[in-house]
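Structure first, then comments.
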Amino acid sequence: MRIIVAPYAGFCFGVERALKIVENVVQHSKLPVYTWGPLIHNKMVVERLQNEYEVIPIEEFDHPPGYLILRTHGVPPDVVDEAKRNKFIVVDATCPFVAKVHRYAKLLTDEGYTVVIAGDKLHPEVRATLGYVGAYAYVVGDRKAASLLPECKKIGVVAQTTMLMDVYKEIISVLVTKCDELKIFNTICSATIRRQEAGIKLANNVDVMLVVGDRQSANTRRLTDIMKQVNPRTYQVEGPEEVDPSWFNNTKRVGVTGGASTPNWLIDKVIDKVKSFRQ
Ligand code: F3S
């Protein structure tokens, strides 16, 4: 059985950067270090940060003040204001691609556009973006949701960084019928697109495809959905303990990829587990 790892599997630039920021703060601080919610969507990494560096995810300011690191998905600006009022020192680890979505959304609001965010309204990144646009914004996840929006004079659109390009295009094709003027920003993260494309190529050429990553991670779940469309023998696992030997009956080639918040050491552990089943 041959095991092939897809290019771009694992940590993206934004996650690597956030982890370096945390390490740097921990090394130079004598104060407690917190993150606003989990730094990234991977339980094992968040647990490691807590156990090895005592970095605690919080969602209330009921802790002694210290450093507050803003997660890769960003936070609404009122959280930053409240942190400062509570004497926390704010360190911004928001991924620059996510920060770009916030900037564009604010710009559209300032220019008088009704803002539409293409994405999942429950995702922290979208909730953070909503904080920059006030009450006059809509969140739509697909073409159908877009078709229910009222007509407006000027619509401005941004996308959640991990939105599928095809779905974004469908949403835009509906919005263009709803207004006189449509302003669109392409805010889909290129790292996400590259990972998806590399995964599709590999999934087409293997018997079984494994996607390693946390089920909380939207980009990992989406990666799994895309791989399943190409290769029905696709399985998502959070770690090696979830790998099932029965998946590999009559298998010559196994492909492996991982979401943007999946560490390489975890991908390696999953690969070791698959190797232990080699006939
Ligand atoms: Fe940033 Fe893209 Fe990663 S938005 S956090 S580089 S998946």
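Listed by position, the helices (runs of 4 or more DSSP H) enclosed by the range 130-213 that each have at least 2 residues that are more than 28 Å from Asn231 (Cβ to Cβ) are 143-147, 165-175.
Just a yes or no: is a residue in the range 156-168 in contact with a strand residue (DSSP E or B) (Cβ under 8 Å, 6 or more places away or on another chain), at pLDDT 95 or above and farther than 22 Å from Asn219 by Cα? Yes: one or more hits. Applying the set (1) surrounded by 20 or more Cβ atoms within 10 Å (Cβ to Cβ); (2) free of Cβ contacts under 8 Å to residues at least 40 places away in the same chain; (3) assigned to a loop (DSSP other than H, G, I, E, B) to Leu223 leaves exactly one unmet item: (3).
Cβ-Cβ contacts under 7 Å between residues 6 or more apart (or on different chains), taken from a first residue in the range 87-110 that is within 21 Å of Ser190 (Cα to Cα) to a second residue that is hydroxyl-bearing (Ser, Thr, Tyr) and part of a helix (DSSP H, G or I), are listed as Val101/Thr129; His102/Thr129; Ala105/Thr129.
When the range 186-208 is limited to residues that are within 22 Å of Lys269 (Cα to Cα) and modelled with pLDDT of 95 or more, the one that is most open to solvent (accessible area, probe 1.4 Å) turns out to be Asp207.
Counting the residues of the range 226-279 that are assigned to a strand (DSSP E or B), more than 16 Å from the ligand (Cβ to nearest atom) and either closer than 25 Å to Pro38 by Cβ or of a type in the set (Val, Ile, Thr) (or both) gives 6.
Listed here are the residues, each with its yes/no results for (1) closer than 20 Å to Met44 by Cα; (2) open to solvent by 60 Å² or more (accessible area, probe 1.4 Å); (3) at pLDDT below 95.
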residue: Thr177; (1), (2), (3): no, yes, no
residue: Ile184; (1), (2), (3): no, yes, no
residue: Leu210; (1), (2), (3): yes, no, no
residue: Pro232; (1), (2), (3): no, yes, no
residue: Val243; (1), (2), (3): yes, no, no
residue: Asn249; (1), (2), (3): no, yes, yes
residue: Lys273; (1), (2), (3): yes, yes, no
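Among the residues of the range 1-24, what is the count of those that are touching a residue at least 60 places away in the same chain (Cβ under 8 Å) and within 23 Å of the chain's Cα centre (by Cα)? Walk me through it before giving the result.
Going residue by residue through the range 1-24, those that are touching a residue at least 60 places away in the same chain (Cβ under 8 Å) are 1-15, 17-18, 21-22.
Among the residues that remain, those that are also within 23 Å of the chain's Cα centre (by Cα) are: 5-15, 17-18, 21-22.
Residues flagged as touching a residue at least 60 places away in the same chain (Cβ under 8 Å) and within 23 Å of the chain's Cα centre (by Cα) within the range 1-24 amount to 15.
Residue check: is Val116 surrounded by fewer than 20 Cβ atoms within 10 Å (Cβ to Cβ) and away from the ligand (no atom under 16 Å from the Cβ)? Answer is no for this residue. Screening Pro65, Pro7, Pro57 for residues that are within 16 Å of the ligand (Cβ to nearest atom) and either surrounded by fewer than 18 Cβ atoms within 10 Å (Cβ to Cβ) or modelled with pLDDT under 95 (or both) leaves exactly one candidate, Pro7.
Please verify whether Ala105 is among the small types (Gly, Ala, Ser) and in contact with a Ser or Thr (Cβ under 9 Å, 6 or more places away or on another chain), treating the condition exactly as stated.
Numbers: among the small types (Gly, Ala, Ser): yes; in contact with a Ser or Thr (Cβ under 9 Å, 6 or more places away or on another chain): yes.
Against the criterion (among the small types (Gly, Ala, Ser) and in contact with a Ser or Thr (Cβ under 9 Å, 6 or more places away or on another chain)), Ala105 qualifies.
The test for being among the aliphatic types (A, V, I, L, M), within 16 Å of the ligand (Cβ to nearest atom) and farther than 21 Å from Tyr136 by Cβ does not hold for Met209. Kindly indicate the residue of the range 25-41 that is within 16 Å of the chain's Cα centre (by Cα) and assigned to a loop (DSSP other than H, G, I, E, B) and also nearest to the ligand (Cβ to nearest atom) among those meeting that condition. Per the stated criteria, the residue is Ile40. From the list Asp166, Asp214, the lone residue that is surrounded by fewer than 19 Cβ atoms within 10 Å (Cβ to Cβ) and either free of Cβ contacts under 8 Å to residues at least 12 places away in the same chain or closer than 30 Å to Glu47 by Cβ (or both) is Asp166.
State whether the residues of the range 142-155 include one that is among the charged types (D, E, K, R), touching a Phe, Trp or Tyr at 6+ places or on another chain (Cβ under 8 Å) and closer than 30 Å to Val22 by Cβ. It would help to see each step written out before you state the result.
From the range 142-155, those among the charged types (D, E, K, R) are 142-144, 151, 153-154; that's our starting set.
With touching a Phe, Trp or Tyr at 6+ places or on another chain (Cβ under 8 Å) added as a condition, the list becomes 154.
In the following step, the residues that additionally are closer than 30 Å to Val22 by Cβ were identified as none.
No, the range 142-155 contains no residue that is among the charged types (D, E, K, R), touching a Phe, Trp or Tyr at 6+ places or on another chain (Cβ under 8 Å) and closer than 30 Å to Val22 by Cβ.
The values are calculated or read from the model by the stated rules, or taken from the named source; none is laboratory data. Values in this document were obtained by computation on a predicted structure and should not be read as measured data. With ideal geometry, Cβ positions are generated from the backbone for all residues, glycine too; neighbour counts draw on all protein chains shown. Areas reflect the complete protein model, heavy atoms only, side chains present, ligands, DNA and RNA absent. Shrake-Rupley method; radii C 1.70, N 1.55, O 1.52, S 1.80 Å.
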